[in-house]
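The values are calculated or read from the model by the stated rules, or taken from the named source; none is laboratory data. This one's a predicted model, so the numbers in the text were calculated from it and none came from an experiment. FYI the Cβ positions are ideal-geometry reconstructions off the backbone, even for glycines, and counts take in every protein chain you see.
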Amino acid sequence: MNPSVASLICACVIAGLLYLDREKTVHTSRALWLPGIWIAIVGSRPLSAWLDVTPPDNMQLDGSPVDAAAFGVLLVIAIGVLIRRKSRTRTLLLANWPILIYFLFCLVSVAWSYHPDVTFKRWIKAIGDLAMVLVIATDAQPVAAIRRLASRIGILLFPTSVLFIRYYGDLGRGYTSDGLPMNTGVTTNKNALGLIVLVVLSIVLWNVRSLIIHKDEPNRGRRLLAQGTLLAFGLALFWMADCSTGKACFILGSLLMITLNLRAIRRRPVRVHALCLAILLAAAVALLFGGQGDVASALGRQSNLSGRTEIWAAVIPTVPNSTVGAGFESFWISPNVRVFQQKLLRSGWYPPLVEGLNEAHDGYIEIYLTLGWIGVCLIALILIGGYRRAYKAFQRNPELGSLFLAYIATGVFYNITEAGFRMLNPSWIFLLLAIVSASGVTVGLFGGEKPKNPVSRGGTLSRTAVSNKIIPEMETVHAAQRRLSAM
């Protein structure tokens, strides 16, 4: 097929999916376009790459002025939106104090960074991730905002990725550092493609399941067609990208999301905790310890996890300070990188592979390198606190809470073999979104969304269910009695 014709068909598919997926009864804020654009850029490739702007000589330190300007404008507008929503913003920030402490420590780490100016600019961008999450969570209809955001990003990026891979090889295909061909789609490498598909497709699957179960949803047929088509695009891209970690995380999250909503599980808190812990432990132990070679082979990796174990062994001893690290996002621009590179070169690695490394391929080790043990403890505090909030949200709304728990579980697992706790990373953004949104449910900011199947300990109706059902019925009875008395 001619690429021009394929492009026209792709544009029609995108327009058709947007038309089918529209919800006339939902009115999200126009500010939702801010995180939509932010995540679309983060999940694909830099704006400077789309515009084909020549990068500066020292790109790693200076960055692109075009990208900095674009992110700066989006951040300033987002802060303005959050100031207007100051009450909801303050409530969510106070409810997520571990995240605030983490970002504060990242700012303090500028003091011992090798390049304080670069570290501070990167911290500003990192704040942008949190600001975009808050714009979504403080929307008047936050659950609808999450649905709409994921749908818009998926509808835009998924068909375009297929188009690039099939008809525009210079845009959608490339080569790994080993010289092997790979499909990249709208991103810059296969792992990035697998990641954006993972975070978006999890919500798409959640949407499909919700539409199948709730047959009274307005315009259910055409919306189910749109979401089902988007799900098919995502699964096809998983196969094209051949991203092992992304596929494994999607299977883990989907299994957890579906299993948690089984009546035998959701009505027993102990079973919920046991299921979450069992899935994570089984996956981590199988990958890192028991039968590592067999599991790695099943995931399409070598027995050393494609060289990751060698990277970890070489990079951990080179951290400048085990307590506080090299400074936020600063290790890979510090002199310690040369020591790490020399270790890999002596072990037989090819120079191009070594020079191209800019992450530890493990989120926890990455945090240790940049923020030391203090940073690792803060990340652990965020994950533990996030799980507790997500479980409380699950008690109030199992359907919504299962999505948050799935994101937290996949975030924990994803960071075993990839560095996901980093600024401008879709995994980090959606992890923050799950935690912040879960706290929004627990503090009542998501009260405008109708809870489905609320549960509590022992399988009885929760206090939320009582207040939503019994109290309004009592008020109706009392009003009828007053009218009778007045007659």
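So here's what we get for this one:
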quantity: Failed criterion for residue 158 (all others in (1) in the same structural domain as residue 73 (by TED's automatic domain parsing); (2) of a type in the set (Phe, Trp, Tyr); (3) buried (at least 21 other Cβ atoms within 10 Å of the Cβ) hold); calculated: (1)
quantity: Residues of the stretch 36-46 classified as not in a loop (DSSP other than H, G, I, E, B) and not β-branched (Val, Ile, Thr), total; calculated: 3
quantity: Any hit, the stretch 202-224, residues being part of a helix (DSSP H, G or I), free of Cβ contacts under 8 Å to residues at least 40 places away in the same chain and touching a Phe, Trp or Tyr at 6+ places or on another chain (Cβ under 8 Å); calculated: no
quantity: Failed condition for residue 351, given (1) free of Cβ contacts under 8 Å to residues at least 24 places away in the same chain; (2) in contact with a Pro (Cβ under 6 Å, 6 or more places away or on another chain); calculated: (2)
quantity: Residue within the stretch 256-271 that is under 30 Å from residue 16 (Cβ atoms), among the polar types (S, T, N, Q) and part of a helix (DSSP H, G or I) present; calculated: no
quantity: Candidate set: the stretch 129-184, residues that are over 30 Å from residue 75 (Cβ atoms) and among the charged types (D, E, K, R); chosen: the one nearest to the chain's Cα centre (by Cα); calculated: 173
quantity: Residue match in the stretch 166-175 (condition: outside the structural domain of residue 433 (by TED's automatic domain parsing), in a helix (DSSP H, G or I) and either surrounded by 19 or more Cβ atoms within 10 Å (Cβ to Cβ) or among the basic types (Lys, Arg) (or both)); calculated: yes
quantity: Residue that is farthest from the chain's Cα centre (by Cα) [pool: residues in the stretch 90-128 that are outside any helix (DSSP H, G or I) and surrounded by 20 or more Cβ atoms within 10 Å (Cβ to Cβ)]; calculated: 113
quantity: Residues that are of a type outside the set (A, V, I, L, M) and in contact with a helix residue (DSSP H, G or I) (Cβ under 6 Å, 6 or more places away or on another chain), drawn from the stretch 1-43; calculated: 3, 10, 21, 28, 35, 36, 38, 43
quantity: Residues of the stretch 211-268 satisfying the condition of being of a type in the set (Asp, Glu) and under 20 Å from residue 403 (Cα atoms); calculated: 217
quantity: Failed condition for residue 371, given (1) hydrophobic (A, V, I, L, M, F, W, C); (2) crowded, with 20+ Cβ neighbours inside 10 Å; (3) within 15 Å of residue 312 (Cα to Cα); calculated: (3)
quantity: Condition broken by residue 413, with the remaining ones in (1) over 16 Å from the mean Cα position of the chain (by Cα); (2) modelled with pLDDT under 90 satisfied; calculated: (1)
quantity: Failed criterion for residue 331 (all others in (1) within 21 Å of residue 245 (Cβ to Cβ); (2) modelled with pLDDT of 90 or more; (3) in contact with a helix residue (DSSP H, G or I) (Cβ under 6 Å, 6 or more places away or on another chain) hold); calculated: (1)
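Quick grid of which residues meet (1) assigned to a helix (DSSP H, G or I); (2) buried (at least 18 other Cβ atoms within 10 Å of the Cβ):
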{"residue": "12", "(1), (2)": "yes, no"}
{"residue": "16", "(1), (2)": "yes, no"}
{"residue": "19", "(1), (2)": "yes, no"}
{"residue": "34", "(1), (2)": "yes, yes"}
{"residue": "48", "(1), (2)": "yes, yes"}
{"residue": "55", "(1), (2)": "no, no"}
{"residue": "66", "(1), (2)": "yes, no"}
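Per-residue answers, yes or no, for (1) in contact with a Leu (Cβ under 7 Å, 6 or more places away or on another chain); (2) on the phi < 0 side of the Ramachandran plot; (3) not assigned by TED's automatic domain parsing to the domain that holds residue 428:
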| position | (1), (2), (3) |
| --- | --- |
| 8 | no, yes, yes |
| 16 | no, yes, yes |
| 36 | yes, yes, no |
| 39 | no, yes, no |
| 43 | yes, yes, no |
| 50 | no, yes, no |
| 55 | no, yes, no |
| 61 | no, yes, no |
| 68 | no, yes, no |
